[in-house]
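Reviewing the structure listed below.
The values are calculated or read from the model by the stated rules, or taken from the named source; none is laboratory data. What you see is a predicted model, and the numbers here were worked out from it, not measured in a lab. Note that we place each Cβ from the backbone using ideal geometry, even for glycine, and neighbour counts take in every protein chain shown. Ligands, DNA and RNA are stripped out before the accessible areas are found, and what is left, the full protein with its side chains, is counted by its heavy atoms. Shrake-Rupley method; radii C 1.70, N 1.55, O 1.52, S 1.80 Å.
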Amino acid sequence: MNVHEFLQNPDEHVRFAAYLDKLGHVADPDEADLVGSVLTDPDQTMARSAVLRHLDRRAAGLYPGPAYEGWAQALTQATIDHPFLAQRLREWSLFRAVTLKLPWQPDDLLAASNWLQLKTAAGTSTKAIEILAEAGRTKRIRNTARTSLSHRSES
């Protein structure tokens, strides 16, 4: 992708939509390069926002399957200079581990962002939900986890 053609449009909303469209249709082998190109946009807030939305969309579809690992490694390299994006990828990997019953550490979950804690509190891992019901970062997270636990006991 030639990012310069997008930069000719000064409206960041138009560029944001164009980036999302390109990211939504990119071939897997070209995805990391495209993410890297988007992240060269001078409006870093907008560029990171577009990439974040893309990462969330892709990770939500990939995390249950074996393709996730290679995808996450490639995208981690593409986002290495963007701490928030790299953190989101790490948190998707933790969410994957919790959800698929792979090895994970409770301290990692407790140190994670509100986003991940809330997503996990509404999830399927009884162990993780119990931890968050007791020690989640916010009242909302703890309440969501307690509600998830009560729904499980009613089932």
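Just give me the residues in the range 30-55 being touching a helix residue (DSSP H, G or I) at 6+ places or on another chain (Cβ under 9 Å) and open to solvent by 20 Å² or more (accessible area, probe 1.4 Å), in sequence order.
A32, D33, G36, S37, T40, P42, D43, T45, R48, S49, L52, R53
Looking only at residues in the range 56-69 that are in a loop (DSSP other than H, G, I, E, B) and surrounded by 11 or more Cβ atoms within 10 Å (Cβ to Cβ), the one that is farthest from the chain's Cα centre (by Cα) is G65.
Matching residues to (1) open to solvent by 60 Å² or more (accessible area, probe 1.4 Å); (2) acidic (D, E); (3) in contact with an Asp or Glu (Cβ under 7 Å, 6 or more places away or on another chain):
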site	(1), (2), (3)
R88	no, no, no
L94	no, no, yes
T99	no, no, no
A111	yes, no, no
L118	no, no, no
I129	no, no, no
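Hey, can you tell me all the residues within the range 131-151 that are open to solvent by 90 Å² or more (accessible area, probe 1.4 Å), part of a helix (DSSP H, G or I) and touching a residue at least 12 places away in the same chain (Cβ under 8 Å)? Show your work before the answer.
At the first step, the residues of the range 131-151 found to be open to solvent by 90 Å² or more (accessible area, probe 1.4 Å) are 134, 137, 139-140, 146, 151.
Of the ones still in play, those that are also part of a helix (DSSP H, G or I) are 134, 139-140, 146, 151.
Residues satisfying the conditions are R140, R146.
Consider A72 against the criteria (1) in contact (Cβ under 8 Å) with a residue 24 or more places away in the chain; (2) open to solvent by less than 90 Å² (accessible area, probe 1.4 Å); (3) hydrophobic (A, V, I, L, M, F, W, C): it satisfies all of them except one. Which criterion is unmet? Answer for A72: the failing condition is (1).
For T45, indicate whether it is assigned to a loop (DSSP other than H, G, I, E, B) and hydroxyl-bearing (S, T, Y). No.
Please find, among A47, A32, A60, the residue that is small (G, A, S), in contact with a Leu (Cβ under 7 Å, 6 or more places away or on another chain) and closer than 29 Å to G123 by Cβ.
Numbers: A47 fails: closer than 29 Å to G123 by Cβ; A60 fails: in contact with a Leu (Cβ under 7 Å, 6 or more places away or on another chain).
It is A32.
Listed by first and then second residue, the pairs linking a residue in the range 27-45 that is in contact (Cβ under 8 Å) with a residue 12 or more places away in the chain and of a type outside the set (S, T, Y) to a residue that is open to solvent by 50 Å² or more (accessible area, probe 1.4 Å) and not in a helix (DSSP H, G or I), with Cβ atoms under 7 Å apart and 6 or more places separating them unless they lie on different chains, are L34/M1.
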